[in-house]
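Step one of this worksheet: look at the structure below.
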Amino acid sequence: MLIDLTPDQLAIDANVHQLCAEFDDQYWTNCEQYKRFPQEYYQAMAKNGWLGITMPEDVGGAGLGVTEAAIMMHAATSSGGGYSAASAIHINLFGPHAIVVHGTAEQKKRWLEPLVAGEEKACFGVTEPDAGLDTTSISTFAEKTTGGYIVNGRKMWTSTGQVADRILLLTRTTRKEDCAKPTQGMTLFYTRLDRKKIEVKRIHKMGRNAVDSNAVFIDNLFVPDEDRIGEEGKGFNYLLDSLNPERILVGIEAIGVGRDALDRASRYARERVVFGRPIGQNQGVQHPLAEAWTYLESAYWMCLRAAYLYDNKKSCGAEANAAKFLSARAAFDACTKAVMAHGGMGYAQEFQVERLFRESILPRIAPVTEQLILSFIAERVLDLPKSY
Ligand SMILES: Cc1cc2nc3c(=O)[nH]c(=O)nc-3n(C[C@H](O)[C@H](O)[C@H](O)COP(=O)(O)OP(=O)(O)OC[C@H]3O[C@@H](n4cnc5c(N)ncnc54)[C@H](O)[C@@H]3O)c2cc1C
């Protein structure tokens, strides 16, 4: 059993770190402070081919696995950009999965090529205000009409909605009460974000402010038939395919945030002298940081284990969920300890750890909360009764 990165994977890690080094703390501080999308970073990632790492080669992608995407995202988030660096490009890696698997050749060419080239941005419209985690209870409805559908409804938290050209949109085409199973009757579209018919209102939030999140109001949007992914009524199943990669990526992105915070804290603890010696010489300072390292390290390998299973077409639901759960907690713990190790300076923007700390709670909440992960593992692994 080999548990290590291959030379090719190490090269991905090194190349992405090198590219991200062009974007320093001041760059990310400004993006965060002015709530500005990191366009230059996004374009640099596109220009160097990273946006298409998991996309098929015939649309300009690299055709690599979730393992390579995870290594790339870990490098991106641990390089100072934190969760903003992740969320600016994250949807490119798993969002179009349904298109890759269920799209026609024409759709793949029309949609994936501009995404990979960085010419178009996508956003992901699944969550709704009145459904929450109970996704089958969404009410955004697509009514069939000649040549397409008329869509009305609301989405919540849609990230990158301010800058996106297109939206991956989950709708109902049959009401839940009229379906034999709750997961039936849902249809997935990928369509132009027509701002004449879709209002996108920014949500003011705790952190990761370089990447916007929004309340979205859809009012009589016409979506042509050619923008429907796969068959009508099967959209929920298409989305399920992408959930495990998403969890693995979110997990390893969190690890990157935690490791960056830990590096900064260790550096500060080596340099800051109080009572005539570096604060890091005190066990009360060094032990929490060492503990954070152990949690991050174990969660990192859990992510890569889940990625390995996914890439080798093995069942990975429990591992992907566990990886996301452990990583988010380890990152939050490391960022909290990093702030504490800085003392008062942990609260100052200058040392960056407050930004990482604010971001580090996000992977505990989205795209799925800790409670729902534990309920999944209780039911699917421990064979306990379904609780929701
Ligand atoms: C910054 C940010 C960006 C996001 N970006 C996107 C995006 O781009 N696209 C998108 O579609 N969504 C996005 N989301 C939404 C995110 O996926 C949801 O917030 C998340 O899935 C939780 O759903 P909710 O907020 O509706 O929580 P709710 O469903 O309202 O749940 C609230 C709380 O109750 C708990 N709970 C509910 N039911 C149960 C139960 N049966 N058992 C135990 N606990 C339960 C939950 O775990 C949670 O703690 C984003 C969210 C955030 C914060």
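What follows is calculated from the coordinates using simple rules that are stated; it is not laboratory data. All values reported here derive from a predicted model rather than from experimental measurement. Glycine also receives a Cβ, built like all others from the backbone with ideal geometry; neighbour counts cover every protein chain displayed.
Just a few scattered comments:
- Selected residue (criterion: nearest to Leu64 (Cα to Cα)) from residues of segment 113-133 that are among the aliphatic types (A, V, I, L, M) and more than 12 Å from the ligand (Cβ to nearest atom): Val116
- Of all the numbered requirements in (1) crowded, with 22+ Cβ neighbours inside 10 Å; (2) within 14 Å of Pro245 (Cα to Cα); (3) over 16 Å from the mean Cα position of the chain (by Cα), Tyr41 misses one, and that requirement is (2).
- Among the candidates Phe376, Phe357, Phe351, the residue that is under 30 Å from Thr136 (Cα atoms), aromatic (Phe, Trp, Tyr) and in contact (Cβ under 8 Å) with a residue 40 or more places away in the chain is uniquely Phe376.
- Residues satisfying the criterion are present in segment 175-186 (criterion: touching a strand residue (DSSP E or B) at 6+ places or on another chain (Cβ under 8 Å) and within 15 Å of the ligand (Cβ to nearest atom)).
- Filter result (over 13 Å from Gly230 (Cβ atoms), in contact (Cβ under 8 Å) with a residue 24 or more places away in the chain and not in a loop (DSSP other than H, G, I, E, B)) within segment 89-110: Ile89, His90, Ile91, Asn92, Leu93, Phe94, Glu106, Lys109
- Selection status of Glu319, buried (at least 19 other Cβ atoms within 10 Å of the Cβ) and either farther than 19 Å from Glu271 by Cα or in contact with a Gly (Cβ under 6 Å, 6 or more places away or on another chain) (or both): yes
- Residue satisfying all of: in segment 306-323; free of Cβ contacts under 8 Å to residues at least 12 places away in the same chain and in a loop (DSSP other than H, G, I, E, B); nearest to Asp4 (Cα to Cα) among these: Asn312
- For segment 134-155, the set of residues classified as touching a residue at least 60 places away in the same chain (Cβ under 8 Å), away from the ligand (no atom under 14 Å from the Cβ) and not in a strand (DSSP E or B) consists of Gly147 only.
- In segment 372-388, residue nearest to the ligand (Cβ to nearest atom) [restricted to those that are out of contact with any Asp or Glu (no Cβ under 6 Å at 6 or more places or on another chain) and either outside any helix (DSSP H, G or I) or of a type in the set (Phe, Trp, Tyr) (or both)]: Tyr388
- Selected residue (criterion: nearest to the ligand (Cβ to nearest atom)) from residues of segment 354-366 that are in contact with a Lys or Arg (Cβ under 8 Å, 6 or more places away or on another chain) and among the basic types (Lys, Arg): Arg364
- Here segment 192-204 is the region considered, the condition is being surrounded by 14 or more Cβ atoms within 10 Å (Cβ to Cβ) and assigned to a loop (DSSP other than H, G, I, E, B), and the residue that is farthest from the ligand (Cβ to nearest atom) is Lys197.
- Checked against (1) of a type outside the set (Lys, Arg); (2) assigned to a helix (DSSP H, G or I); (3) more than 19 Å from the chain's Cα centre (by Cα), Asp130 passes all but condition (2).
- Once segment 156-169 is narrowed to residues that are in contact with a Leu (Cβ under 9 Å, 6 or more places away or on another chain) and within 12 Å of the ligand (Cβ to nearest atom), the residue that is nearest to Val216 (Cα to Cα) is Gly161.
- Restricting segment 87-112 to residues that are aliphatic (A, V, I, L, M) and within 16 Å of the ligand (Cβ to nearest atom), the residue that is nearest to Ile203 (Cα to Cα) is Ala88.
- Of the listed requirements (1) of a type in the set (S, T, N, Q); (2) more than 16 Å from the ligand (Cβ to nearest atom); (3) out of contact with any Asp or Glu (no Cβ under 6 Å at 6 or more places or on another chain), Thr369 misses just one: (2).
- Residue in segment 286-305 that is over 15 Å from Ala338 (Cβ atoms) and assigned to a loop (DSSP other than H, G, I, E, B) present: no
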